[in-house]
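Accompanying notes for the structure given below.
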Amino acid sequence: MKTFKGRAVVPGTAKAEALVSHSGFNTLASFQKSLMSGDKEATCSDQNNSEIFGKPMYGKALCLPQTIGSTTGGMVLYCASALGQQPACLLFSGPIDSLAAAGAILSDVWTDVSMPTVDNLGTEFLEYVQTGKTITVEADGTVTVE
Amino acid sequence: MQLNNEQQMILDGSQGEVMAKVMKTLVMYGETFGAERMVQVTSDKGHLVTSFGLSVMKPVYSLMQQLIDAGVMSKQQFSVDPRPLDKNVPANLLQNIVFKVMYSKQKQYEKQLQSMGLMSDDAFTCTCYMDEIGNKPQQGDVLSWAESSAVVYANSVLGARCNRNSGIIEMFGSIAGCVPYFGLLTDDGRKASWVVEIKTTKKPEAQILGSTIGMKVMEEVPFIRGLDQFIGNELNQQVKDYLKDMGAATASNGAVGLYHVDGLTPEAVEQKDALIRDDAKVYVIDDAELERVKSSYPIVWEDPSATPKLCFVGCPHLSLSQLSEWTDRLEKALQAAGRSKVGLPVVFTAAPAVKAKFELTADFQRLKALKIVLSDICPLMYMNNPMCRNMPVITNSNKLRTYTTARYCTDDEIVEAIVKGGLPS
């Protein structure tokens with residue numbers, strides 16, 4: 001078990017299974033198919049991200065360095081939240097990027113969904129965490145990997 | 001964040017609950033990035049990324065309606081990304097049925113856009129900065145735009161200032177008339193943390209070079225050296241088109257919002273090496289590196305050796321010059337092969353205003369004779385149709401490749417494929 005301290009961009013608590021992407025998370029490419037098909041599991045459709053392609057994202061603790069790609073990214077995350085397909089939380093090793101921040105904040109202000117978002121967890125966080133590990137997020141940005 | 005009196009009053013509800021939520025969103029967004037204040041949006045017009053009435057994107061249309069019902073409108077007119085549908089683009093019966101269902105909210109959403117401040121009925125393009133469209137910001141203008149390819153072009157080639165805003169956030173900035181001051185709006189945020197040295201033996205394919213840079217630097221700002229030996233030091237139309245295509249790939253294959261090209265882009269010309277941070281990293285791109293990146297693109301067709309059934313050229317939308325150049329190039333290649341028309345269905349995409357202007361030219365008649373379709377849609381939205389995903393589609397767009405099952409081919413490969421009606425060798 002290891003604990004990491006980050007910054008709570010959108011404070012909240014969560015306990016979920018980790019889904020880890022070591023490369024940039026392309027929000028549009030990842031959610032595109034599940035939004036189109038209404039797939040409640042939000043199966044990742046980003047063919048360029050072999051680590052998480054084909055894996056369900058709904059209810060997972062999404063661990064990533066940053067998001068990349070289309071500027072629909074924040075809107076896509078907002079839609080995923082409003083449609084109940086959102087990850088349990090978003091955990092960034094580095095500083096959050098503008099598209100992910102937009103998605104997290106839009107979800108917080110304009111939906112009833114809780115999707116705690118923590119950034120600046122450090123590179124060691126992404127080196128340590130593995131897909132399938134249990135993650136606990138506290139409101140002050142403390143993240144525990146079991 | 002320190003708000004002025006008006007902004008604070010809005011946040012406190014002086015203009016109603018919905019407007020307060022718009023301001024709250026912008027404040028939270030800014031505070032996340034350490035913004036200490038808001039700055040005024042100074043561009044004449046905005047640009048929105050969400051152009052499609054996709055039935056599953058109901059939350060966006062509900063939010064739009066909330067804004068409209070509350071009288072919360074954009075303070076500036078705006079353009080928007082391309083429409084999704086055009087009956088002239090080849091599609092079978094089943095695909096057309098799915099298109100109708102998928103984009104069933106299109107008319108309703110376009111009405112919402114008109115209510116919100118859409119600049120005209122044909123302001124649907126990802127290349128709103130082209131002369132024909134009427135939404136070209138000035139150097140130094142502060143923008144509240146989204147659409148990754150337009151943002152990176154406006155920042156890099158035009159010297160305007162815009163963050164890589166998300167859809168919805170960009171509209172909120174146009175509504176509030178202000179955006180949080182951080183990132184690419186600031187002098188410091190526009191400094192390069194990468195020096196990219198081009199050491200190839202020939203002019204790099206714009207779309208592969210952009211992809212290579214984007215995948216390496218991600219969201220950071222690159223200062224590109226050595227490109228002038230291939231494209232010169234004059235920001236003419238051909239160079240602007242090259243940078244448009246390169247930039248779109250940096251933004252979609254990575255998250256680049258601004259690049260500088262030594263001796264070419266406005267800030268690089270003015271500030272030269274002063275734009276480069278002292279601790280900037282160096283990335284050398286040679287022929288082998290471009291080939292490594294190109295060969296890493298996955299081919300996700302069910303049958304990798306299938307004969308292409310459709311070819312898209314124009315993501316981002318083609319310029320007037322590019323339409324003529326492509327027409328010329330294909331006409332010559334077909335003539336050389338003893339053919340009078342393309343060997344597979346080909347769609348060129350361009351902004352409605354560019355398309356309208358091109359249709360008045362003799363080149364358009366030549367293009368029609370080759371049986372090429374000219375459309376103003378977004379190819380990505382075509383490929384979103386589940387009935388299109390399994391189609392073997394080729395494209396010279398690295399953005400389209402990234403987001404869909406379309407297979408990337410270089411410009412030369414595209415020409416070969418179109419002439420012979422099959423995959424390039």
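One residue is enough: does the range B:54-75 have a residue meeting the conditions within 27 Å of B:ALA154 (Cβ to Cβ), within 14 Å of another protein chain (Cβ to nearest Cβ) and polar (S, T, N, Q)? No - not one qualifying residue is present in the range B:54-75. Quick check, is B:LYS199 surrounded by fewer than 19 Cβ atoms within 10 Å (Cβ to Cβ) and at pLDDT 95 or above? In short, yes. When the criteria are applied in full, B:SER397 fails the requirement of being of a type in the set (Ser, Thr, Tyr) and away from chain A (no Cβ under 14 Å).
Cβ-Cβ contacts under 6 Å between residues 6 or more apart (or on different chains), taken from a first residue in the range B:126-155 that is in contact (Cβ under 8 Å) with a residue 40 or more places away in the chain to a second residue that is aromatic (Phe, Trp, Tyr), are listed as B:VAL151/B:TRP145; B:TYR153/B:TYR129.
Here is a list: B:GLY34, B:GLY30. Which entry is within 14 Å of chain A (Cβ to nearest Cβ), surrounded by fewer than 20 Cβ atoms within 10 Å (Cβ to Cβ) and in contact (Cβ under 8 Å) with a residue 24 or more places away in the chain?
Just one listed residue meets the conditions, B:GLY34.
If you go through the range B:284-316 and pick out every residue that is farther than 26 Å from B:GLU197 by Cα and of a type in the set (Ser, Thr, Tyr), you end up with 2. Residues in the range B:21-72 that are in contact with a Pro (Cβ under 7 Å, 6 or more places away or on another chain) and polar (S, T, N, Q): B:SER43, B:SER51. Just one of the numbered conditions (1) buried (at least 21 other Cβ atoms within 10 Å of the Cβ); (2) within 23 Å of B:LEU275 (Cβ to Cβ) is not true of B:MET215: (1). B:PHE358 fulfils the conditions (1) within 30 Å of A:SER34 (Cα to Cα); (2) away from chain A (no Cβ under 14 Å); (3) touching a Ser or Thr at 6+ places or on another chain (Cβ under 8 Å) except for a single criterion, (1).
Any idea which residue in the range B:257-278 is farthest from the other protein chains (Cβ to nearest Cβ), counting only those that are in contact with a strand residue (DSSP E or B) (Cβ under 7 Å, 6 or more places away or on another chain) and buried (at least 24 other Cβ atoms within 10 Å of the Cβ)?
Going residue by residue through the range B:257-278, those that are in contact with a strand residue (DSSP E or B) (Cβ under 7 Å, 6 or more places away or on another chain) are B:259-262, B:267-268, B:275-277.
Add one more test, that the residue is buried (at least 24 other Cβ atoms within 10 Å of the Cβ), and what stays is B:259-261.
Details: B:TYR259: 15, B:HIS260: 20, B:VAL261: 22 Å.
In this case the residue turns out to be B:VAL261.
Per the listing B:ASP241, B:ASP228, the residue uniquely closer than 12 Å to B:VAL157 by Cβ, among the acidic types (Asp, Glu) and not assigned by TED's automatic domain parsing to the domain that holds B:CYS409 is B:ASP241.
Check the range B:339-352 and report whether any residue there is in contact (Cβ under 8 Å) with a residue 60 or more places away in the chain and in a helix (DSSP H, G or I). There is at least one residue in the range B:339-352 that is in contact (Cβ under 8 Å) with a residue 60 or more places away in the chain and in a helix (DSSP H, G or I). All told, B:GLY159 falls short of being within 13 Å of another protein chain (Cβ to nearest Cβ), within 20 Å of B:THR250 (Cα to Cα) and either among the small types (Gly, Ala, Ser) or touching a residue at least 60 places away in the same chain (Cβ under 8 Å) (or both).
How many residues does the range B:29-51 contain that are at negative phi, of a type in the set (Gly, Ala, Ser) and at pLDDT 95 or above?
At the first step, the residues of the range B:29-51 found to be at negative phi are B:29-33, B:35-51.
Filter once more, so that each one left must be of a type in the set (Gly, Ala, Ser): B:30, B:35, B:43, B:46, B:51.
In the following step, the residues that additionally are at pLDDT 95 or above were identified as B:30, B:35, B:43, B:46.
Selection size over the range B:29-51: 4.
For every residue, the table says whether it meets (1) of a type outside the set (Val, Ile, Thr); (2) exposed (fewer than 14 other Cβ atoms within 10 Å of the Cβ).
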site	(1), (2)
B:ASN5	yes, yes
B:LYS21	yes, no
B:PHE52	yes, no
B:MET57	yes, no
B:ILE68	no, no
B:VAL72	no, no
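Here B:LEU400 passes the criteria (1) more than 22 Å from A:THR72 (Cα to Cα); (2) part of a helix (DSSP H, G or I) except the one numbered (1).
Which count do you get for residues in the range B:130-156 that are at the interface with chain A (Cβ under 8 Å from one of its Cβ atoms) and either of a type in the set (S, T, N, Q) or part of a loop (DSSP other than H, G, I, E, B) (or both)? Let's see the steps before the verdict.
Filtering the range B:130-156 for residues at the interface with chain A (Cβ under 8 Å from one of its Cβ atoms) gives B:146-148, B:151.
So of that shortlist, the ones also either of a type in the set (S, T, N, Q) or part of a loop (DSSP other than H, G, I, E, B) (or both) come out as B:146-148.
Looking only at that region, the number is 3.
Applying the set (1) buried (at least 24 other Cβ atoms within 10 Å of the Cβ); (2) not in a loop (DSSP other than H, G, I, E, B) to A:THR144 leaves exactly one unmet item: (1).
The values are calculated or read from the model by the stated rules, or taken from the named source; none is laboratory data. From a predicted model like this one, the values you see are computed outputs, not experimental measurements. For neighbour counting, all protein chains shown are included, and Cβ atoms are generated from backbone atoms with ideal geometry for every residue, glycine included.
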